[in-house]
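Working notes for the structure below.
The values are calculated or read from the model by the stated rules, or taken from the named source; none is laboratory data. Just so it is clear, the model here is predicted, and its values are computed rather than measured. Cβ placement follows ideal geometry from the backbone for every residue including glycine, while neighbour counts extend to all protein chains displayed.
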Amino acid sequence: MTTATAAPAVRPAEQHALRRAFDLAATDGLVLGPNPRVGCVLLAPDGATLGEGFHRGAGTPHAEAVALENARRAVGPDALRGATAVVTLEPCAHTGRTGPCAQALRDAGIARVVYAQADPNPVATGGAALLRHAGVDVVGDVQPARGRALNPTWTAAMELGRPVVTWKVATTLDGRTAASDGTSRWITSAAARRDAHRLRAAADTVLVGSGTVAADDPSLTVRDADLGGPQPARAVMGLRDLPQASRLAAPGPDGAATVHLRTRDPRAALADLWDHDRRHVLLEGGATLAAAFWRAGMIDEVVAYVAPVLLGAGPAAVGDLGITSITGAVRLDVADVTVLQPSPDDLDLPDGARSGAAAPTVRLTLRPRKES
Ligand code: AOF
Ligand code: ZN
């Protein structure tokens with residue numbers, strides 16, 4: 001990784017090309033899998049664009065390779081000698097699903113490389129060093145914050161060396177997820193549940209404990225057709241077998257089997273998911289699993305839906321955290337508070353219990369406070 005002190009000046013044409021590279025990287029509708037969004041623009045010494053490219057997802061060519069190919073087709077290979085590559089991410093140095101981009105840029109005769117964000121992936125990093133060693137003029141880390149904002153979850157996962165974990169919880173005002181008889185339907189509104197489906201669609205894995213499978217028989221699928229994209233993997237953690245009749249024992253809408261992580265250790269579960277290219281886990285319950293993740297320090301974000309409902313008894317959102325005194329409390333920073341208004345299907349009232357849920361739900365987005 002390069003830590004550029006007083007980064008050499010980025011030329012105006014390169015600034016412009018970098019903006020274009022970020023736009024290309026953010027192309028809609030990409031199915032990226034475990035990979036980041038990346039854009040690349042190749043410039044002639046006079047600042048003219050020779051070619052551009054962006055990455056479409058795991059298994060497809062990297063942005064730099066696409067840009068080189070497009071430029072070769074448009075202007076011929078000789079025009080690339082002495083050209084500048086402007087990339088949103090440090091070119092990779094590894095042979096993974098495709099060959100190393102740093103080498104490909106060098107072999108093409110690229111004389112200068114400008115990139116926004118150093119590659120936080122320990123497997124792929126080293127491209128800047130390789131290029132410098134080969135005599136290429138490298139200007140790195142020129143917009144690290146923008147690079148991170150383009151791929152926030154991917155960047156965080158690469159830095160952590162494990163999937164990012166978002167804990168989603170829907171509770172009453174008194175922090176309960178069900179009544180004492182186990183019933184839990186319509187605590188929050190349909191609008192809140194739809195919002196939670198958006199969270200599922202944004203994650204690549206939805207994880208629950210085997211206790212939740214036994215109690216709730218969840219399906220863990222994204223049911224809102226408007227959300228599109230691939231279904232997240234459905235994963236269950238725990239030592240118990242999945243009940244044969246449970247929804248998760250059947251193949252998902254995409255035909256995929258549920259992943260059973262036979263461990264109670266969050267670290268081991270996340271390592272297993274990581275090895276299967278999973279980068280963002282949505283933890284959906286229950287209280288025991290949530291407590292295990294909190295105790296392991298492995299929750300990165302919380303999305304809590306709080307309904308204006310009291311139960312006074314019933315299971316809590318999270319199990320025992322081993323905290324006996326207020327000084328030990330887990331403190332969270334509030335990143336966002338949004339009131340989700342009831343939707344028309346909340347107001348369409350098939351029964352009395354449901355009518356009680358036709359109320360606003362407060363959605364809190366929270367991050368654990370980092371130890372200082
Ligand atoms: C991309 N697209 O345009 C660039 C990437 O599994 P691989 O071989 O596709 O390598 C993925 C890694 O390569 C990725 O995590 C990142 O570190 C690096 N650069 N990746 O997916 C690209 N330039
Ligand atoms: Zn690459």
**Item:** Residue among GLY286, GLY319, GLY352, GLY314 that alone is assigned by TED's automatic domain parsing to the domain that holds ARG194, modelled with pLDDT under 95 and surrounded by 14 or more Cβ atoms within 10 Å (Cβ to Cβ)
**Value:** GLY286
**Message:** Contact list please: Cβ distance under 6 Å, first residue in the range 35-53 and among the basic types (Lys, Arg), second residue more than 8 Å from ligand 1 (Cβ to nearest atom), pairs at least six apart or on different chains.
**Reply:** ARG37/ALA25; ARG37/LEU150; ARG37/ASN151
**Message:** Scan the range 121-135 and tell me whether some residue there is under 20 Å from the mean Cα position of the chain (by Cα), in a strand (DSSP E or B), assigned by TED's automatic domain parsing to the domain that holds ALA17 and under 30 Å from ALA13 (Cα atoms).
**Reply:** no
**Complete:** Residue hits (the range 96-120; part of a loop (DSSP other than H, G, I, E, B) and either within 15 Å of ligand 2 (Cβ to nearest atom) or without any contact (Cβ under 8 Å) to a residue 12 or more places away in the chain (or both)) are GLY96, ARG97, THR98, GLY99, PRO100, ALA108, ILE110, ALA118, ASP119, PRO120
**Request:** Have a look at ASP241, ASP275, ASP254 and point out the one that is under 20 Å from ALA58 (Cβ atoms), acidic (Asp, Glu) and modelled with pLDDT under 95.
**Result:** ASP254
**Asked** Quick one: which of VAL165, VAL142, VAL87 is within 11 Å of ligand 2 (Cβ to nearest atom) and either in a strand (DSSP E or B) or among the hydrophobic types (A, V, I, L, M, F, W, C) (or both)?
**Response** VAL87
**Meets criteria (more than 15 Å from ligand 1 (Cβ to nearest atom), in a helix (DSSP H, G or I) and touching an Asp or Glu at 6+ places or on another chain (Cβ under 9 Å)) for ALA178** = no
**Message:** I'm checking my understanding of the structure. Among residues of the range 91-133 that are within 12 Å of ligand 1 (Cβ to nearest atom) and among the charged types (D, E, K, R), which one is nearest to GLY57 (Cα to Cα)?
**Reply:** ARG97
**Asked** If you check every pair at least six apart or on different chains, which have Cβ atoms under 6 Å apart with a residue in the range 58-86 that is in contact (Cβ under 8 Å) with a residue 60 or more places away in the chain first and a residue that is within 11 Å of ligand 2 (Cβ to nearest atom) second?
**Response** ALA58/ASN35
